[in-house]
């Protein structure tokens, strides 16, 4: 049995990952800035990636650290995420951590990446700077209750009887169910085959954002929702439109929308040799997310 530190343990992915790791037989530490408020699985420990001095204690005796930290709700997220990754890498190496697992962003290395995806690539590199073997799982949109991308999709479909969408809605992506992301993360933890490797992960379907909205509408309403695409729409205008309709923070929405003009598809399926299973379709992921939404109300 290995000791696994989950950073961002109370977040969208972390709060599902911690119980899955415990079920797989690992001893789980949940790193959070508010351990007294943590009510999830694992031993809550204080740690803040923005405070390098706080990282030694939670990493002591840890075999694998799962890094689920980002600052998309901040205008200065690139600098903050880089500084945090560099500090975490140094602290992990000093404490003898054997593996860092990072959930990054899908997108071709030779393509024109958005600021969000460039930052994810930089974090990948910085986490390995101090010599700890890093396992990277690159994903596109993760579909699950509580995720910002899903909240945007659900509220758009819920609140609009018809939609006029910007030109980025034609961009293709490969959404993946949160349950499948967690399954991949658990599968690479403490797995020698996965160390010092980058994997792409994706769901069963490759869809445009317009196609995702259409499928989500069918699952939510059981009917077709008219969607008209127009050849305009800047990220700034789109972010404020998203905030108006869905309530999602405009900064977070803007940073995500900035990435939506870049096609992000899985081109390498080698992860299935290490963690073999068939991922869900987008429709299945939507049904699971809707079920979780209902239970959490």
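The values are calculated or read from the model by the stated rules, or taken from the named source; none is laboratory data. Quick caveat, the model's predicted, so the values are computed rather than measured. Quick reminder, even Gly has a Cβ in these numbers, built from the backbone with ideal geometry, and neighbours come from all protein chains shown.
Quick notes on this structure:
- Checking residue 253 against (1) modelled with pLDDT under 95; (2) farther than 14 Å from residue 155 by Cβ; (3) surrounded by 13 or more Cβ atoms within 10 Å (Cβ to Cβ), the condition it does not meet: (2)
- Taking each residue of segment 129-142 that is on the phi > 0 side of the Ramachandran plot and looking for partners that are surrounded by fewer than 24 Cβ atoms within 10 Å (Cβ to Cβ) with beta-carbon atoms closer than 6 Å, six or more apart or interchain, yields 131/93.
- Every residue from segment 99-127 that is part of a loop (DSSP other than H, G, I, E, B) and without any contact (Cβ under 8 Å) to a residue 60 or more places away in the chain: 109, 110
- Any hit, segment 46-58, residues being farther than 15 Å from residue 88 by Cα, crowded, with 24+ Cβ neighbours inside 10 Å and touching a residue at least 12 places away in the same chain (Cβ under 8 Å): no
- The strands (runs of 3 or more DSSP E) falling completely within segment 1-87 that include 2 or more residues that are within 21 Å of the chain's Cα centre (by Cα) map to 3-7, 27-32, 64-67.
- Qualifying residue in segment 259-277 (condition: out of contact with any strand residue (DSSP E or B) (no Cβ under 7 Å at 6 or more places or on another chain), at pLDDT below 80, under 18 Å from residue 155 (Cβ atoms) and in a helix (DSSP H, G or I)): no
- Meets criteria (surrounded by fewer than 21 Cβ atoms within 10 Å (Cβ to Cβ), within 16 Å of residue 99 (Cβ to Cβ) and in contact (Cβ under 8 Å) with a residue 24 or more places away in the chain) for residue 68: yes
- Helices (runs of 4 or more DSSP H) lying entirely in segment 169-250 (those with 1 or more residues that are at pLDDT 95 or above and touching a helix residue (DSSP H, G or I) at 6+ places or on another chain (Cβ under 6 Å)): 178-188
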